[in-house]
Amino acid sequence: MKHWCNTLHLHCLDSSEADKTFSSSISPKFLRSTLRYFLQHSAVFPHHFRSSLFAPASPRTAPSFTCTLLDDTTSRDTNAPEITDETPSDPEHSVQQVSRLRSEHLNAFFDADESMYQVRLANVFSLALQNFVVELSELQTGFRRLVGLDSPLRYTPPDCLNFILDDATVANRERERENRDGKVETGWFVRKVYDVTCAGLDLLFDGRPIPRFWMLETVARMPYFAYSSCLHLLSTLGWYRSPTLMNMHHAEELNEAYHLAVMESLGGDKQWRDRFLAFHASLVYYWFLVILFLFSPAESYRFSQILEAHAADSYCEFIDANRDLLRSLPAPEVSHEYYSEFMYYFYEFQLSDEKQPPPERRPEIFSLLDVFENILLDEREHTRTMSACTDFIENGNKFHYNGKAVSGSSRRPNVIPSQKREQFWRKWAGVHNKRDRG
Ligand SMILES: [Fe+2]
Ligand SMILES: [Fe+2]
């Protein structure tokens, strides 16, 4: 596992430049901005270190980048830190390298085992208490920022990355897709829940695409948890067994978990309010899907299908709107681990032709653009698998994934009637007795 992150240049007040400025003229504005910068960055520890999650990327496509820190006194829109490949000559904006932070300082999902912020596994009460203490402190910090006592976190990812995403364009893209490919026919209730969910996302994450994606990826795992839970229940009762579906949903859940880790590494979970919302909404969403699955597995799969399609539309629009910027940024370390190295369960959620494994898709990761393009392809595959599951349940159509055929054999009763069982054993015993006598 790689332990060193890519060079990340943050423009701040370098000591030598600061000395020069102090010796020539010490302006109140300069002192204010210097003090504000250091206070802010001491307050955000350890989240500040998340910027170091950028992994070593190929030198041909991953230039170092800079976040230009400007004065806080101007408005956010005009003053947002800009990404540039060049080191500015402005003496107030010299470069401080914060490269080579060890991964043990990071707390993204799949680095958790090596993170110094990972707690020891304990009983649920102990874990809840530890989490409460940490989050209470974060809540206080968030409140101070909300009321203006502290400066907002605009110099750490994702704010300093300046990504854009227009909700209206995503909605247009969705309409175009539905006109082209046909609308997924869901019940009115499921469609209403979907509409409310999308409206809520638009409202709460306006102008914040990475936190929006982090929220989406947090809840995106819930359908697969819910399906697996229900399939385990049905299997325990002996009413229905499908190791194939359970395997597929496990692979999909893992895939979503890596998407989530990418968004965490980009600072998507930086704010307390987003974490609070995502975790609690996920609980509600999980139980909603469990109940929906128990009443109608097909409708539950359809709900997931339209949400996965929405996620794909959002990523597609995001890539188009930020292509050049994404290409200039290095990829998070966790994306290298998943897409370039061990690809755990990667092919287990991909549809294929009859008895043929899916075409090999071993993504090459050179920049953040490659990461998002691969996430987009994953979301499209999730949409296809959800559609195949619905078709399988409602119409009995078999589908293939990873070279395995999922047929309708489970439509036969899984308990052999007693009379048939007796007939079989009598016949079997008769044949063997005759053979032994002969
Ligand atoms: Fe995802
Ligand atoms: Fe997905």
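The values are calculated or read from the model by the stated rules, or taken from the named source; none is laboratory data. Keep in mind that what you see is a predicted model, and the values were worked out from it rather than measured. Because the Cβ atoms are built from the backbone with ideal geometry, glycine has one as well, and the counts that use them run over all protein chains shown. SASA here: full protein model, heavy atoms, side chains in, ligands and nucleic acids out. Shrake-Rupley method; radii C 1.70, N 1.55, O 1.52, S 1.80 Å.
Annotations for the structure displayed:
- Separation of the Leu325 and Phe295 label points, Cα + 7 Å toward Cβ, nm: 4.2 nm
- Among residues other than Pro297 with Cβ under 13 Å from its Cβ, the summed charge is -2 (Lys and Arg +1, Asp and Glu -1).
- The 3J(HN,Hα) values that the Karplus relation (6.51, -1.76, 1.60; θ = phi - 60°) gives for region 315-323 are, in residue order, 5, 4, 5, 4, 5, 4, 7, 10, 3 Hz. Gly and Pro appear as x.
- Modelled FRET efficiency - R0 45 Å, Arg437 with Arg241, Cβ distances, 0.05 increments: 0.65
- Remark: region 189-197, residue by residue, has Karplus-estimated 3J(HN,Hα) of 5, 5, 5, 5, 4, 5, 4, 5, 4 Hz, where x stands for each Gly or Pro and the curve is 6.51 cos²θ - 1.76 cosθ + 1.60 at θ = phi - 60°.
- Dipole axis of region 144-216 (+1 Lys, Arg; -1 Asp, Glu on Cβ), positive-most option in Trp214, Thr169, Asn179: Trp214
- Dipole moment magnitude, nearest 20 debye, region 166-411 about Cα centre, only Lys, Arg, Asp, Glu C-beta charged: 720 debye
- Ranked order, Leu237, Leu292 - accessible area, probe 1.4 Å, largest first: Leu237, Leu292
- Subtracting the Cα-Cα distance of Val119 and Glu138 from their residue separation scaled by 0.36 nm leaves 5.2 nm.
- Per residue, the accessible area of region 166-411 comes to 42 Å² when a 1.4 Å probe rolls over the protein heavy atoms.
- Gained length - Thr169 relative to Tyr345, 0.36 nm times residue gap less alpha-carbon distance: 60.0 nm
- For region 313-341 and region 274-310, distance of Cα centres in Å: 26 Å
- Here the Karplus relation 6.51 cos²θ - 1.76 cosθ + 1.60, evaluated at θ = phi - 60°, turns the backbone of region 423-430 into coupling constants of 4, 4, 5, 4, 5, 4, 5, x Hz, with x for every Gly and Pro.
- Label-to-label distance for Phe276 and His232 is 3.0 nm, based on points extended 7 Å past Cα in the beta-carbon direction.
- Area accessible to solvent at Arg302, 1.4 Å probe radius, in Å²: 30 Å²
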